[in-house]
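The next block holds one structure in the form of structure tokens; read it before the comments.
The values are calculated or read from the model by the stated rules, or taken from the named source; none is laboratory data. For clarity, every value in this text was computed on a predicted model and none was experimentally measured. Cβ: placed from backbone, ideal geometry, glycine included. Neighbour counts: every protein chain shown. To get the accessible areas, we keep the full protein, side chains included, count just its heavy atoms, and leave off ligands, DNA and RNA. Shrake-Rupley method; radii C 1.70, N 1.55, O 1.52, S 1.80 Å.
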Amino acid sequence: MPNPSDEIKAKLDIVEVIREYLPLKAAGLNFRSTCPFHREKTPSFMVSPEKQIWHCFGCGKGGDIFSFVMEMERLSFIEALRLLAKKAGVALRKADPALTSKRNRLLDIVELAAKFYHKILLDSPAAAGAREYLRERALTNETIEAWQLGYSPDAWETLANFLKSRGFSEDEIFLAGLSVKKDPSTGSGRAGFYDRFRARIMFPLNDINGSAVGFTARVMPGREETEKMGKYINTPSTMIYDKSKILFGLDKAKMSIKAEDAVVLAEGQLDAIMAQQHGFTNTIASSGTALTAEQVKLIKRYTNNLFLSFDMDAAGDLAAERGIAQAQGAEMNIKVIEVKGAKDPDECLRHNPENWRQAITDAKPMMQYYFDKVFAKYDKADFPGQNQAIKILLAVIAKFGSKLEQDFWLKKLSQEVDTNENSLREKFNEYVKKQISPAVKNNEAVLKPAIDLKQSREARLSELLLALALKFPAHFEYVINHLGPDDLVGPANQRLYRNLVIYYNKLIDLWTREGGNFDLAINYLDLKDWLSNPENLALADGQTENQAGDYNCASSLDRLVLLADKDFYDYSAEQAKAEIINIVANLRLNYLNARRREITKLITAAEKENLPPAEKSEKLNNLMGELKALAEEINLMEIK
Ligand SMILES: [Zn+2]
């Protein structure tokens with residue numbers, strides 16, 4: 001039997017594999033490109049199809065198909081083996097446990113979970129409602145199969161029990177993001193886990209190579225109002241799932257994108273699924289979040305032509321909000337598709353696929369689209385209108401990565417509003433100068449550690465808690481087990497905490513793998529380094545990169561570390577623990593009270609709402625139920 005790596009090499013062509021990452025140009029018998037591993041202007045990266053090797057004459061790196069994928073994707077050999085085996089259609093035998101990596105184990109778990117959910121969707125009576133919903137949305141059986149759509153049962157341990165029966169541990173299931181840690185201080189007092197996804201329609205999220213790495217889960221239709229967790233929940237960041245690097249459907253669409261030299265980016269998962277079902281196979285979805293630099297890089301592997309199908313009517317700086325500025329900065333050709341007579345592509349396609357085809361054909365260059373929108377809204381014939389329009393358009397023009405493109409649109413704008421091109425250019429330069437670069441902004445934050453005097457008591461407590469947890473990391477676990485990012489007050493605190501949790505989980509993971517043989521301390525320099533890399537950082541749901549960018553994690557860290565030294569320099573570990581417990585309870589109580597006020601408002605609103613009696617009483621019952629649970633928890637806390 002041939003060894004699997006030889007089998008893979010025999011089936012794959014190194015040129016085709018590398019071409020998925022880099023634009024290769026023929027150079028005699030070989031191919032060349034600029035090197036992805038060092039900065040250079042003249043290409044010195046060579047690939048030999050004959051020898052099936054690559055080498056860079058600039059930095060000296062080189063090797064075979066495996067070493068390329070290892071370098072490029074930062075994988076170990078066995079991880080690269082898994083990735084390439086999939087590509088080559090080579091089945092790997094059950095690997096020697098000593099040879100599996102944690103990453104591969106997590107990939108196995110998520111893949112198995114996807115199959116599990118899929119089977120439940122197809123066969124289980126409990127999934128009848130989900131099947132009905134997908135039928136109503138006009139998804140065919142083939143589509144449901146191809147996308148491995150699934151249903152998670154309405155139970156606490158079904159998935160975990162299944163995965164355990166297949167040899168996976170609770171810890172592994174947790175690290176794959178599929179379970180949630182129970183709070184040991186409530187219920188039976190025993191620590192343990194429960195399934196994260198319950199009673200939801202499951203959409204597997206694949207990486208670009210088609211491996212399932214996580215899920216986005218939609219609440220069952222009809223339960224949207226009462227579901228506290230929200231309409232969609234996602235796998236949290238894990239070792240294999242980083243949402244900033246995933247585009248929904250790209251694994252299926254990439255070859256069409258390349259062939260058509262264009263990609264259509266829609267907002268919702270169902271938009272992408274329906275478009276592909278109707279033969280628009282170059283459609284992917286952003287899942288409603290802002291496009292990240294990593295995602296733009298992924299798309300640019302296949303095309304430079306981006307068709308956007310977003311709801312662009314929303315107010316505000318659209319380019320920034322949707323991360324379109326990233327694509328502009330990367331000098332992509334962007335066009336905007338306007339869907340007429342339907343609320344989204346999904347609806348348009350269900351109604352008549354030809355309308356969608358027409359909408360793509362009629363797509364406008366992005367800037368033209370903006371011009372039309374802005375001048376439809378502001379009257380360019382009078383000064384205030386013209387001034388407002390200029391302001392908005394200059395901000396968009398400033399985001400182009402190409403100076404030539406900026407010049408082109410400045411000229412066009414001056415013609416459009418019939419104003420002197422030079423004075424417009426002056427205004428433009430002023431605007432650009434005012435956009436302080438992030439590096440300068442960061443420095444300012446460090447120089448002026450903004451102590452906000454007006455900050456609320458809860459914001460101050462949140463800060464103290466983070467400072468304590470940083471100084472006494474042994475108690476950090478306690479904080480994680482009791483508070484989510486939303487329990488903290490203040491966007492900077494929330495953002496830092498969200499990312500500290502990710503960092504801390506990575507640390508624990510490493511610590512567990514090393515058999516616990518190093519002291520579990522948070523190394524400041526390492527943490528700062530990690531927080532300084534925007535690629536590591538997670539956003540809050542619904543938050544955009546730009547909004548988050550106002551809260552620099554590394555400078556928050558600096559400030560809080562100094563604050564800890566100032567306020568807690570003489571604290572013992574016990575004192576710190578007592579203080580942490582105290583603050584955690586305070587913040588939790590604050591959150592519960594806020595939620596209680598919110599629910600009370602919802603009840604008042606629901607009472608006034610004109611609903612069928614049965615629906616109304618169900619809605620009210622649910623809200624009352626939550627209110628009661630809140631009141632009980634609040635009572636308990638106040639007794640303590
Ligand atoms: Zn190089």
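State the percentage of accessible surface on the stretch 55-200 attributable to carbon and sulfur atoms; use a 1.4 Å probe and exclude ligands, DNA and RNA. Heavy-atom surface of the stretch 55-200 belonging to carbon and sulfur, 1.4 Å probe: 53 percent. Counting heavy atoms of the protein chains alone, ARG103 has an accessible area of about 50 Å² for a 1.4 Å probe. Applying 1/(1 + (r/R0)^6) with R0 = 41 Å to the Cβ-Cβ distance of ALA573 and ILE634 gives a FRET efficiency near 0.85. How far is it, in nm, from the label point at PHE57 to the one at MET229 when both lie 7 Å from their Cα along the line to the Cβ? Taking the simple label geometry, PHE57 and MET229 are separated by 5.7 nm. About its Cα centre, the dipole of the chain is roughly 580 debye, where the only charges are +1 on Lys and Arg Cβ and -1 on Asp and Glu Cβ. Give, as ranges by residue number, the residues of the stretch 390-420 whose backbone N falls under 19 Å from the point 7 Å along Cα→Cβ of LYS364. Under 19 Å, as judged by backbone N against the label point of LYS364, lie 390-400, 406, 408-418 of the stretch 390-420.
Among ILE480, ILE8, the sequence by solvent-accessible area, most first, with a 1.4 Å probe is ILE480, ILE8. The share of accessible area on the stretch 528-640 that comes from carbon and sulfur is 52 percent, using a 1.4 angstrom probe.
Listed peptides 215-225, 378-388 appear in the order 215-225, 378-388 once ranked by packing, highest mean of other Cβ atoms within 10 Å at the front.
Taking amide H as placed 1.01 Å from N in the peptide plane, the amide H of LYS335 sits under 5 Å from that of LEU306, PHE307, LEU308, MET366, each at least 5 places away or on another chain.
Membrane-span-like helices of the chain, defined as complete DSSP H segments with a Cα extent of 18 Å or more along the helix axis and a mean Kyte hydropathy of at least -1.0, are identified as 102-123, 383-397, 457-471, 491-513, 553-567, 573-608, 613-639.
Based on protein heavy atoms only, the chain ends up with 51 Å² per residue of surface accessible to a 1.4 Å probe.
Taking each DSSP H run with n ≥ 4 as -39500 (n - 2.57) and averaging over every residue of the chain yields -16500 deg cm²/dmol at 222 nm.
Label-to-label distance for PHE37 and LYS403 is 3.4 nm, based on points extended 7 Å past Cα in the beta-carbon direction. Of the residues GLU79, GLU157, ranked by 1.4 Å probe accessible area with the largest first, the sequence reads GLU157, GLU79.
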